[in-house]
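The values are calculated or read from the model by the stated rules, or taken from the named source; none is laboratory data. Everything quoted here is computed from the prediction, not taken from an experiment. Positions of Cβ are generated from backbone atoms using ideal geometry, with glycine treated the same way; all protein chains shown enter the neighbour counts.
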Amino acid sequence: MKTKLDYYRIFYETARFSSFSSAAQHLYISQSAISQCIHQLETDLGLRLFARTRRGVSLTTEGALLFEKISTAMEAISQGETIMERLRHLESGALSIAAGDTVTSHYLMPYLEKFHANHPEIRIEMANSYSANMVRLVKEGKADLAFINLPMEDEALTIEPCLEIHDVFVAGKNFRAKKKYTETEIAELPLILLEKNSSSRHYLDTVFSEKGAELSPQIEIAAHDLLLRFAAIHLGVACVVEEFSKESLANGDVQKLCLASPLPPRHIGCAYIKDRPLSLAAKAFLELIRGGEQE
């Protein structure tokens, strides 16, 4: 651009007020600076833009034409600044989260409720899938944050552990349980497990395989809550996340089986692109998660 944008802003304000002094007060600069900028703009364009009068200034024919075009640009800039200000104060924008049904229901729901109460103008978008698909959504820019089952590694992502969880085996309240079970004994029970394409199932299969036991479930399902319900009606022994099963355990709908060697804990993690700045809304939600403020 041949002429500085500031000159056009000064021209715009001077034309609006039809006064150098009023424009100077509005822009918090001196009247002489206004005069110099207008003179420089007229020199650059090779045209007179203002006619000086005793009462102030008025636009020439050429100045009026320029003002008509400049007004649209200045109004667009002002609108853009307003949008940026609303985004900065979390009064506008969107938060896109990818998470499975179980993590959403049993972990994220209180955070989502609090975030919405604090920032009601932010549109919350949710996508549900398996961990691998949720990571893909983040990489494609279709989700800001993905809450996934760990362990998972990806060089393109920053992955923060958020919640430690424990996998346990449960059976119906009338199931005659032993005091303790080995991995081999668990593998021999009529098992109800998540489907093989889930990261939780992959983790479980890996842990048991390392102990020399292979899991061959009688029932495979996709929903964590169905694991509890099937176990409660004695369709088999289910592996569930203890932190997401507190109500069923407390009510006595199911009982936890004791393992001679408890399964190692793992984590729910939050994944986001390593080299891409998070939106202000995503940053605010992540800070809420980091603070553990569910109440």
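The residue that is farthest from residue 55 (Cα to Cα), counting only those in region 4-32 that are not in a helix (DSSP H, G or I) and not aromatic (Phe, Trp, Tyr), is 4. Residues that are of a type in the set (Ser, Thr, Tyr) and not in a strand (DSSP E or B) occur in region 130-143; there is at least one. Sub-8 Å Cβ pairs linking a first residue in region 115-127 that is within 17 Å of residue 85 (Cα to Cα) to a second residue that is modelled with pLDDT of 90 or more and among the aromatic types (Phe, Trp, Tyr), at least 6 apart or interchain, are 122/115, ordered by first then second residue.
When every residue of region 28-42 is checked against the conditions, at least one turns out to be touching a Cys at 6+ places or on another chain (Cβ under 9 Å) and either more than 30 Å from residue 120 (Cα to Cα) or of a type outside the set (A, V, I, L, M, F, W, C) (or both).
Among strands (runs of 3 or more DSSP E) entirely within region 35-102, having at least 1 residues that are at pLDDT below 90 and closer than 30 Å to residue 277 by Cβ singles out 94-99. Of the helices (runs of 4 or more DSSP H) lying entirely inside region 219-295, those containing at least 3 residues that are assigned by TED's automatic domain parsing to the domain that holds residue 178 and without any contact (Cβ under 8 Å) to a residue 60 or more places away in the chain are 224-232, 246-251. Scanning region 192-218 for residues that are in contact with a Gly (Cβ under 6 Å, 6 or more places away or on another chain) and either surrounded by fewer than 18 Cβ atoms within 10 Å (Cβ to Cβ) or more than 18 Å from residue 182 (Cα to Cα) (or both) yields a single hit, 218.
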